Amino acid sequence: MKRIFSFLILMWSCTICFAQYTMDDRIYDYIDQYKDLAMQEMEQYKIPASITLAQAIYASKAGTNKVATQANNHFGITCHSTEWTGDTYYETDNHAEDYCFRKYATVEQSYRDHSIFVSQRSRYVKLFYLPVTDYKSWAKGLLEAGYSSNPRYADTLISIIEKYYLMHYDRKT
């Protein structure tokens, strides 16, 4: 009887431990896991690491949504009709019809494709005249260039950057 009681206490305390792991904890873990990758991409492609991390956190729910877990796509980049020739992932949960996303073998490939996607499209060219430390202008510029149809996209990115102090990664390289 004493053993059973001890086991139940242990199980109850473990349940409490897991229940205390919040989305903020997940976001901090995500930042720890991918900050170096975002800074490497910034070094090569001149996109602020803070912007890259904020976009990934927002689009993938810190790596927890289906597109991130099933397709390693942390930016929600769609197939763009005939442009994409790689693997695809169709997500139907939140859409009336199938929605095609780019699928990657690794998260690193997702980060690289995001860098190429932004750096090689003419609609984003104005962003590359901004300093990599000007995350606010980058966020507003992404919205103006049509990266997202969410009218609060720039404000959301800025909020994520400031809440988690992501702007510090823009100065590390």
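Note on region 142-173: residues that are open to solvent by less than 70 Å² (accessible area, probe 1.4 Å), in a loop (DSSP other than H, G, I, E, B) and within 19 Å of residue 24 (Cβ to Cβ) amount to 1. What number of residues within region 98-135 satisfy the criterion of being among the aromatic types (Phe, Trp, Tyr), under 23 Å from residue 167 (Cβ atoms) and either touching a residue at least 24 places away in the same chain (Cβ under 8 Å) or open to solvent by 10 Å² or more (accessible area, probe 1.4 Å) (or both)? Within region 98-135, residues that are among the aromatic types (Phe, Trp, Tyr), under 23 Å from residue 167 (Cβ atoms) and either touching a residue at least 24 places away in the same chain (Cβ under 8 Å) or open to solvent by 10 Å² or more (accessible area, probe 1.4 Å) (or both) number 5.
Of the residues making up region 3-37, just one is modelled with pLDDT of 95 or more and exposed (fewer than 10 other Cβ atoms within 10 Å of the Cβ), namely 32. Would you say residue 81 is more than 23 Å from residue 167 (Cα to Cα), under 17 Å from the mean Cα position of the chain (by Cα) and modelled with pLDDT under 95? Here the answer is no, as residue 81 does not meet what is asked. Looking at residue 91, is it among the acidic types (Asp, Glu) and open to solvent by 80 Å² or more (accessible area, probe 1.4 Å)? No: the conditions fail for residue 91. Within region 136-147, residues that are farther than 10 Å from residue 124 by Cβ sit with their Cβ atoms under 8 Å from residues that are acidic (Asp, Glu) and surrounded by fewer than 17 Cβ atoms within 10 Å (Cβ to Cβ), at 6+ positions apart or across chains, in these pairs: 139/155.
Out of everything in region 103-139 that is small (Gly, Ala, Ser) and not in a loop (DSSP other than H, G, I, E, B), what residue ends up being farthest from residue 48 (Cα to Cα)?
Step one: of region 103-139, the residues small (Gly, Ala, Ser) are 105, 110, 115, 119, 122, 137, 139.
When the remaining residues are screened for being not in a loop (DSSP other than H, G, I, E, B), the result is 110, 115, 119, 122, 137, 139.
Details: 110: 16, 115: 10, 119: 12, 122: 18, 137: 11, 139: 10 Å.
Within region 103-139, the match that is farthest from residue 48 (Cα to Cα) is 122.
The values are calculated or read from the model by the stated rules, or taken from the named source; none is laboratory data. As the structure is a computational prediction, the values presented were derived from the model and not from experiment. Cβ sites come from the backbone with ideal geometry, for glycine too, and all protein chains shown count toward neighbours. Keep in mind that these areas ignore ligands, DNA and RNA; they rest on the heavy atoms of the full protein, side chains included. Shrake-Rupley method; radii C 1.70, N 1.55, O 1.52, S 1.80 Å.
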